[in-house]
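Q: Dropping the structure in here first, questions after.
Where a number appears in this text, it was derived from the coordinates with a stated rule and is not lab data. Quick caveat, the model's predicted, so the values are computed rather than measured. With ideal geometry, Cβ positions are generated from the backbone for all residues, glycine too; neighbour counts draw on all protein chains shown.
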Amino acid sequence: MKLCSSCGSQMPDEAYTCSFCGTPLQASQDSQPPYVSQPSYVPQPYDPSYQQAGYYQPPYVQPVYADSSARSMATAALVLGIISLLTGGLPLGIVGCVLGVKARNAIPYGAPGRGMATAGLICSIFGIVIGAIFLLVCLCIFGVIILEEMVILGGLL
Ligand SMILES: [Zn+2]
């Protein structure tokens, strides 16, 4: 409701002038624009502890530490790589190589476990090479023996 400033009559909000005295009506308090208060938000001074606290929250930062499965994969790659390197085991080397590559992909650069994954990968590759050479030598020896036996058999026939 509006209140006439000169005669005091109550007028509806949509009225522009008083119907009794004709005085132009001012907008009532209800229809006045809402009071705009000063912004209550005051920028806080830079608080280093806020960032410090957020540093360890996974959604906000790149994980520095790889998950445990990737690290155990790196350990397995290293163990398999060393075993394949020592024994010339071709299948172990291949498994170690695959695990090493997977672990390296899962562990970010500079995180613990990545070096182990790299070492496992290198050991596995050498293990594969040694295993392949060993296999090739065995096949050659076997082939020579077979050939000699054939020659001997051929000579006998
Ligand atoms: Zn009036």
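Q: Mind ordering 139-151, 92-104 by average Cβ neighbours within 10 Å, highest first?
A: 92-104, 139-151
Q: Quick check: residue separation of Tyr16 and Leu139 times 0.36 nm, minus the Cα distance between them. What number comes out in nm? Don't skip to the answer; put the middle values down first.
A: On the way: separation 123, 0.36 × 123 = 44.28 nm, distance 10.89 nm.
In short, 33.4 nm is gained.
Q: Right, something else. Once amide H atoms are built 1.01 Å from N in the peptide plane, which residues 5 or more positions from Thr23, or in another chain, come under 5 Å H to H?
A: Sorted by chain and number, the residues that satisfy this are Cys18.
Q: Which cross-chain or sequence-distant (5 or more) residues have an amide H under 5 Å from the amide H of Lys2, H modelled 1.01 Å from N in plane?
A: Hits under the 5 Å cutoff: Met11, Asp13.
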